[in-house]
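The values are calculated or read from the model by the stated rules, or taken from the named source; none is laboratory data. Predicted model, so just to flag it, every value in this text is computed and none were measured. Neighbour counts are summed over all protein chains in view; Cβ atoms, including those assigned to glycine, are modelled from backbone coordinates with ideal geometry. SASA here: full protein model, heavy atoms, side chains in, ligands and nucleic acids out. Shrake-Rupley method; radii C 1.70, N 1.55, O 1.52, S 1.80 Å.
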Amino acid sequence: MTKTLDFDVLIIGGGATGLSAALYASRAMLKTAVVEKLAPGGQIMLTDVIENYPGFPDGVTGPELARLYEDQSVKYGAEILYDTITSIDVTGSSKTVVGSDYEFNAKSVIIASGGDHNKLGVPGEDTFSGKGVSYCATCDGNFFRNVPVAVVGGGDSALQESLYLTQMTESVTIIHRRDQLRASRILQQRALNNPKIDFRWNSAVVEAHGNGEMEYLDLKDTRTGELSKLTIPGLFIFIGFHPNTQFISKSGIEFDGGGHIITNMAMETNIPGIFAGGDVRSNSHRQLGTAVGDGITAALSAFHYLEDSI
Ligand code: NAP
């Protein structure tokens, strides 16, 4: 039988936004829970060193920061629960949040469910996932010690992870579909000046091949259509991500054209008592610092909402 639990604030997602919201909500003496699918921390769990989070001039590792966030919110009474949320009923003053194991009655809900990495969607990508194809350099980089690897993408993630991969691999070939990078200037400069990184401009991966393990890629010149072969045992894909909003697709919560939740500056959605923040919301800067700010704002707004509804 499904267990039913009651909370003042239920936070969906245990990344930087969710854990920051939990800290503020629990310190406001609200009965607070964070529901997380796997382990708290979200995307920073996949990040090696974070250099642009204020207060850490020498950088901090993602897993260390995630542990600190979790400890701090639990210290003030927030509960961390593990479940996969499948739907939300937002009608009425008490919201019903349905998971695989629990059903939650919550006076307010903060959606901080983040997003998942995008896939290329080419033949061989799934076949060789975990056998050469990866979406996480800190998780899998060590499997490619002293061998060449390729990275797809031209954004901050692709360049930052490429720089990380140069520490253990023989070389990194960045495959980018244009001849201009999207990444910030500082990362561009570092990648372009790194002797272990080379670029395949105007190139797209069309298929990954191998026999058990990935062995080579078919590339296409995006301007001429010319095909070429790149022999490489590792392919890391960093081409952005999409918001996790499937479980609220039929809830009545409003989305933008990209499937992100629309909020105002107070992190309020179109439904009273439902708040959202972090990468799942529309127009997020998708930075750790802004994710934390969104979580705090959402928790303060939930506090005012609950005060007003007494
Ligand atoms: P992103 O900025 O959206 O960049 C995605 C990259 O992948 C772009 O270069 C894009 O090419 C390419 N791409 C997209 N779809 C593709 C496809 N189907 N095939 C080939 N290439 C494809 O994503 P991100 O790098 O994951 O960054 C996400 C957000 O997090 C950004 O706001 C970023 O600033 C932030 N971030 C910050 C840091 C940091 O501050 N250190 C680190 C990581 C991420 P085009 O350029 O041609 O569109």
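Restricting segment 261-310 to residues that are assigned to a loop (DSSP other than H, G, I, E, B) and hydrophobic (A, V, I, L, M, F, W, C), which is surrounded by the most Cβ atoms within 10 Å (Cβ to Cβ)?
Of segment 261-310, the ones assigned to a loop (DSSP other than H, G, I, E, B) are 262-267, 269-273, 277, 282-287, 309-310.
Filter once more, keeping what is hydrophobic (A, V, I, L, M, F, W, C): 262, 265-267, 271, 310.
On the way: Ile262: 15, Met265: 7, Ala266: 13, Met267: 28, Ile271: 18, Ile310: 5.
Result: Met267.
Output the residue which, of all residues in segment 1-49 that are farther than 23 Å from Thr96 by Cβ and charged (D, E, K, R), is most open to solvent (accessible area, probe 1.4 Å).
This residue is Arg27.
Of everything in segment 158-188, what is assigned to a loop (DSSP other than H, G, I, E, B) and either within 11 Å of the ligand (Cβ to nearest atom) or not assigned by TED's automatic domain parsing to the domain that holds Tyr135 (or both)? Give them in sequence order. Walk me through it before giving the result.
To start, the set of residues in segment 158-188 that are assigned to a loop (DSSP other than H, G, I, E, B) comprises 166-170, 176-184.
Within segment 158-188, His176, Arg177, Arg178, Asp179, Gln180, Leu181, Arg182, Ala183, Ser184 meet the criteria.
Just checking, does segment 189-212 include any residue being within 12 Å of Leu235 (Cβ to Cβ), within 15 Å of the ligand (Cβ to nearest atom), in contact with a Gly (Cβ under 6 Å, 6 or more places away or on another chain) and not aliphatic (A, V, I, L, M)?
Within segment 189-212, one or more residues are within 12 Å of Leu235 (Cβ to Cβ), within 15 Å of the ligand (Cβ to nearest atom), in contact with a Gly (Cβ under 6 Å, 6 or more places away or on another chain) and not aliphatic (A, V, I, L, M).
Only one residue in Lys131, Lys220, Lys119 is out of contact with any Pro (no Cβ under 6 Å at 6 or more places or on another chain) and either without any contact (Cβ under 8 Å) to a residue 24 or more places away in the chain or under 26 Å from Val60 (Cβ atoms) (or both), so which one is that?
On the way: Lys131 fails: either without any contact (Cβ under 8 Å) to a residue 24 or more places away in the chain or under 26 Å from Val60 (Cβ atoms) (or both); Lys119 fails: either without any contact (Cβ under 8 Å) to a residue 24 or more places away in the chain or under 26 Å from Val60 (Cβ atoms) (or both).
Of Lys131, Lys220, Lys119, the one residue that is out of contact with any Pro (no Cβ under 6 Å at 6 or more places or on another chain) and either without any contact (Cβ under 8 Å) to a residue 24 or more places away in the chain or under 26 Å from Val60 (Cβ atoms) (or both) is Lys220.
For segment 140-159, does any single residue satisfy the condition of being surrounded by fewer than 16 Cβ atoms within 10 Å (Cβ to Cβ) and modelled with pLDDT under 95?
Scanning segment 140-159 turns up at least one residue that is surrounded by fewer than 16 Cβ atoms within 10 Å (Cβ to Cβ) and modelled with pLDDT under 95.
Gly77 is checked against (1) touching a residue at least 40 places away in the same chain (Cβ under 8 Å); (2) small (Gly, Ala, Ser); (3) buried (at least 21 other Cβ atoms within 10 Å of the Cβ) and fails just one. What number does that condition carry?
Going through the list (1) touching a residue at least 40 places away in the same chain (Cβ under 8 Å); (2) small (Gly, Ala, Ser); (3) buried (at least 21 other Cβ atoms within 10 Å of the Cβ), Gly77 breaks only (3).
May I ask you to list the residues in segment 81-117 that are assigned to a loop (DSSP other than H, G, I, E, B), open to solvent by 40 Å² or more (accessible area, probe 1.4 Å) and β-branched (Val, Ile, Thr)? I'd like the intermediate steps shown before the answer.
Keep residues of segment 81-117 that are assigned to a loop (DSSP other than H, G, I, E, B), which gives 83-84, 90-94, 100-101, 112-114.
From what is left, the residues that are open to solvent by 40 Å² or more (accessible area, probe 1.4 Å) are 84, 91-94, 100-101.
Hits for segment 81-117 are Thr84, Thr91.
Just one of Ile253, Ile239 is in a loop (DSSP other than H, G, I, E, B), more than 12 Å from the ligand (Cβ to nearest atom) and either among the aliphatic types (A, V, I, L, M) or open to solvent by 30 Å² or more (accessible area, probe 1.4 Å) (or both); which is it?
Ile253
Tell me whether segment 61-70 contains one or more residues that are open to solvent by 60 Å² or more (accessible area, probe 1.4 Å), farther than 27 Å from Leu165 by Cα and in contact with a strand residue (DSSP E or B) (Cβ under 9 Å, 6 or more places away or on another chain).
No, every residue in segment 61-70 fails to be open to solvent by 60 Å² or more (accessible area, probe 1.4 Å), farther than 27 Å from Leu165 by Cα and in contact with a strand residue (DSSP E or B) (Cβ under 9 Å, 6 or more places away or on another chain).
Would segment 198-213 turn up any residue that is among the β-branched types (Val, Ile, Thr) and touching a Phe, Trp or Tyr at 6+ places or on another chain (Cβ under 7 Å)? Don't jump to the end; show me each part of the working.
Of the residues in segment 198-213, the ones among the β-branched types (Val, Ile, Thr) are 205-206.
Then keep just the ones that are touching a Phe, Trp or Tyr at 6+ places or on another chain (Cβ under 7 Å); that gives none.
The answer is no; no qualifying residue exists.
Using beta carbons and a limit of 6 Å, which pairs, at least six apart or on different chains, have the first residue in segment 16-40 and closer than 12 Å to Val74 by Cα and the second one assigned to a strand (DSSP E or B) and open to solvent by 50 Å² or more (accessible area, probe 1.4 Å)?
Ala33/Glu79
Being in a loop (DSSP other than H, G, I, E, B) and under 19 Å from Gly114 (Cβ atoms), is that true of even one residue in segment 14-25?
The initial filter retains those residues of segment 14-25 that are in a loop (DSSP other than H, G, I, E, B), namely 14-15.
Narrowing the set further to residues that are under 19 Å from Gly114 (Cβ atoms) leaves 14-15.
Yes, segment 14-25 contains a residue that is in a loop (DSSP other than H, G, I, E, B) and under 19 Å from Gly114 (Cβ atoms).
Tally time: how many residues in segment 170-201 are in contact with an Asp or Glu (Cβ under 6 Å, 6 or more places away or on another chain) and farther than 20 Å from Ser157 by Cβ?
Qualifying residue count for the region: 0.
Looking at (1) closer than 27 Å to Asp279 by Cβ; (2) modelled with pLDDT of 95 or more, which is the one condition that is false for Lys220?
Every listed condition holds for Lys220 apart from (1).
Name the single residue that is surrounded by the most Cβ atoms within 10 Å (Cβ to Cβ) among those in segment 163-215 being out of contact with any His (no Cβ under 8 Å at 6 or more places or on another chain) and among the acidic types (Asp, Glu). I'd like the intermediate steps shown before the answer.
Residues of segment 163-215 out of contact with any His (no Cβ under 8 Å at 6 or more places or on another chain): 163-198, 204-214.
Still in the running and among the acidic types (Asp, Glu): 170, 179, 198, 207, 213.
Numbers: Glu170: 12, Asp179: 12, Asp198: 12, Glu207: 15, Glu213: 11.
Ranking the qualifying residues of segment 163-215, first place goes to Glu207.
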